[in-house]
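The values are calculated or read from the model by the stated rules, or taken from the named source; none is laboratory data. Quick caveat, the model's predicted, so the values are computed rather than measured. We place every Cβ from the backbone using ideal geometry, glycine too, and count neighbours over all the protein chains shown.
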Amino acid sequence: MSDLFFLLAAACLLGLFLAWGFRYLPGERWQMLAVIPRIKGRDEQWQGLNLTYYGLFLATSQTLAVVLLLILLGAAGVSLAGTLAATAIILAVCIPASRIVAIMVEKKRHTFTVGGASFVGILLAPWCITLVATVLNGFFTCRLPMMPVLAAMAVAYTLGEGLGRLGCISFGCCYGRALKDCSPLMQRIFTPTALIFHGPTKKAIYEGGLAGEPLIPIQAITCVLYCLTAVVGSLLFLRGHFAPALFLGIGISQIWRIVSETMRADFRGFSTISAYQKMGGLSVLYVLCLIVFFRQTPQALPSIVQGLALLWHPGLILGLQGFWLLAFMVFGRSTVTTSTVSFQLIQEHL
């Protein structure tokens with residue numbers, strides 16, 4: 001009963017948050033979060049460093065994904081030290097990979113790719129888990145059962161990417177095709193929920209020239225689909241169905257990546273079938289092989305109460321705050337926009 005209550009509460013909060021984001025984030029107001037003055041010019045104006053809501057949502061989504069991972073694995077009685085070590089190694093590789101893969105595929109230095117980073121993470125995860133378990137078991141007992149850990153990582157990943165797409169709506173990236181260029185059936189389906197971006201610094205506008213155009217709400221669909229997958233995957237995990245939870249998380253996310261790119265208008269590389277679609281297909285096949293190779297062994301049913309209790313640790317709370325700050329510093333500093341700032345006195349208030 002506690003499992004269902006936790007998941008129902010989480011689903012309601014996610015639904016409200018997503019509904020707010022879909023309504024407001026396409027607007028011009030919700031792209032820049034803050035400006036930090038950096039260099040003063042001769043005209044007494046400062047060149048500013050823009051901090052974006054894109055970074056805020058990505059940092060928050062990644063932190064919540066780690067929180068969900070810790071809750072699920074804590075509920076399953078998995079070693080906290082092993083969980084943190086494996087997660088830290090994977091993130092240490094995937095965060096820079098989000099830019100490196102984008103440079104390799106799109107030939108752009110100032111962009112990120114969640115698809116490329118997730119592909120690297122999926123390939124790396126089982127080997128990283130094996131390495132951490134082997135090393136730590138040399139010092140103390142470290143319980144890192146392969147299938148539960150992979151399943152929890154898959155579920156947490158879908159939540160992180162689902163919420164992270166709110167950042168894409170805020171920045172106007174990963175945008176869908178204009179409805180006017182779609183079939184009449186597609187227009188009827190998506191007209192009520194189309195996203196319309198405003199502001200010259202939105203990517204859909206400066207790259208796609210789609211100011212004021214109703215677009216297929218591909219980011220919003222991804223948000224809903226991935227967050228729903230995370231909730232269902234969490235339920236499967238808490239009922240002890242680790243292999244189905246793993247396949248659901250990776251299968252839904254990667255198959256949808258293949259399908260969704262046929263409805264996107266942003267640049268996805270130079271080939272007809274994008275590198276990200278190929279990565280998605282390979283990820284599904286790879287996970288199927290992992291499920292066959294690492295057969296699920298009998299486990300005690302996870303306890304959500306035990307998982308939630310794990311979070312009430314000062315060191316863990318501080319660590320999560322530090323991770324959020326690091327992620328925001330990586331993803332929140334805009335390198336494709338700039339600003340000018342000037343300061344004046346309000347004479348009436350002196």
Does G332 qualify as being surrounded by 13 or more Cβ atoms within 10 Å (Cβ to Cβ) and under 22 Å from L150 (Cβ atoms)?
no
Among the residues of the stretch 246-262, write down those that are crowded, with 17+ Cβ neighbours inside 10 Å and over 15 Å from the mean Cα position of the chain (by Cα).
L246, F247, L248, G251, I258, S260, E261
Please verify whether I189 is in contact with a Pro (Cβ under 9 Å, 6 or more places away or on another chain) and modelled with pLDDT of 90 or more, treating the condition exactly as stated.
no
Just give me the residues in the stretch 146-196 being of a type in the set (D, E, K, R) and assigned to a helix (DSSP H, G or I), in sequence order.
E161, R165, K180, D181, R188
Being farther than 30 Å from W127 by Cβ, modelled with pLDDT of 90 or more, out of contact with any Leu (no Cβ under 6 Å at 6 or more places or on another chain) and of a type in the set (V, I, T) is true for just one of V341, V336. Which residue is that?
V341
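Could you tell me whether L301 is aliphatic (A, V, I, L, M) and either surrounded by fewer than 18 Cβ atoms within 10 Å (Cβ to Cβ) or in contact with an Asp or Glu (Cβ under 7 Å, 6 or more places away or on another chain) (or both)?
For L301, the condition - aliphatic (A, V, I, L, M) and either surrounded by fewer than 18 Cβ atoms within 10 Å (Cβ to Cβ) or in contact with an Asp or Glu (Cβ under 7 Å, 6 or more places away or on another chain) (or both) - is met.
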When you scan the stretch 127-135, do you find a residue that is part of a helix (DSSP H, G or I), more than 18 Å from L235 (Cα to Cα), touching a Phe, Trp or Tyr at 6+ places or on another chain (Cβ under 9 Å) and touching a residue at least 40 places away in the same chain (Cβ under 8 Å), even just one?
no
Subset of the stretch 67-102 that is assigned to a helix (DSSP H, G or I) and hydroxyl-bearing (S, T, Y) - its residue that is modelled with the highest pLDDT:
T87
Enumerate the pairs (first residue in the stretch 187-215 and under 12 Å from I169 (Cβ atoms); second residue anywhere and part of a loop (DSSP other than H, G, I, E, B) and hydroxyl-bearing (S, T, Y)) with beta-carbon separation below 6 Å, excluding pairs fewer than 6 apart on the same chain, so at least 6 apart or on different chains.
A204/Y175; L215/Y175
Tell me, please, whether a residue that is among the hydrophobic types (A, V, I, L, M, F, W, C) and in a strand (DSSP E or B) can be found in the stretch 9-30.
no
Residue, farthest from G164 (Cα to Cα), within the stretch 1-36, restricted to residues that are touching a helix residue (DSSP H, G or I) at 6+ places or on another chain (Cβ under 6 Å) and loosely packed, with under 15 Cβ neighbours inside 10 Å
S2
In the stretch 19-41, the residues that are within 17 Å of K202 (Cα to Cα) and of a type in the set (K, R)
R23, R29
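In the list V292, V330, V287, V341, which residue meets the criterion of being over 20 Å from L68 (Cβ atoms) and within 24 Å of the chain's Cα centre (by Cα)?
V330
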I need a count of the residues in the stretch 42-84 that are among the small types (G, A, S), surrounded by 19 or more Cβ atoms within 10 Å (Cβ to Cβ) and within 26 Å of H241 (Cβ to Cβ).
7
Please find, among A230, A204, A243, A211, the residue that is surrounded by 24 or more Cβ atoms within 10 Å (Cβ to Cβ) and touching a helix residue (DSSP H, G or I) at 6+ places or on another chain (Cβ under 7 Å).
A230
Have a look at G280, G269 and point out the one that is small (G, A, S), closer than 19 Å to G160 by Cβ and modelled with pLDDT under 90.
G280
Restricting attention to the stretch 197-219, the residues that are touching a Leu at 6+ places or on another chain (Cβ under 7 Å), in a loop (DSSP other than H, G, I, E, B) and of a type outside the set (F, W, Y) number exactly 3
So if I check each of G121, G138, which one is farther than 19 Å from L285 by Cα, modelled with pLDDT under 85 and not basic (K, R)?
G138
State which residue is nearest to T191 (Cα to Cα) when the search covers only the stretch 31-47 and only residues that are of a type outside the set (D, E, K, R) and in a loop (DSSP other than H, G, I, E, B).
Q31
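Out of I95, I39, I need the residue that is under 25 Å from F171 (Cβ atoms), exposed (fewer than 15 other Cβ atoms within 10 Å of the Cβ) and β-branched (V, I, T). Which one?
On inspection, the qualifying residue turns out to be I39.
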State the number of residues belonging to the stretch 131-186 that are acidic (D, E) and either over 30 Å from I216 (Cβ atoms) or buried (at least 24 other Cβ atoms within 10 Å of the Cβ) (or both).
1
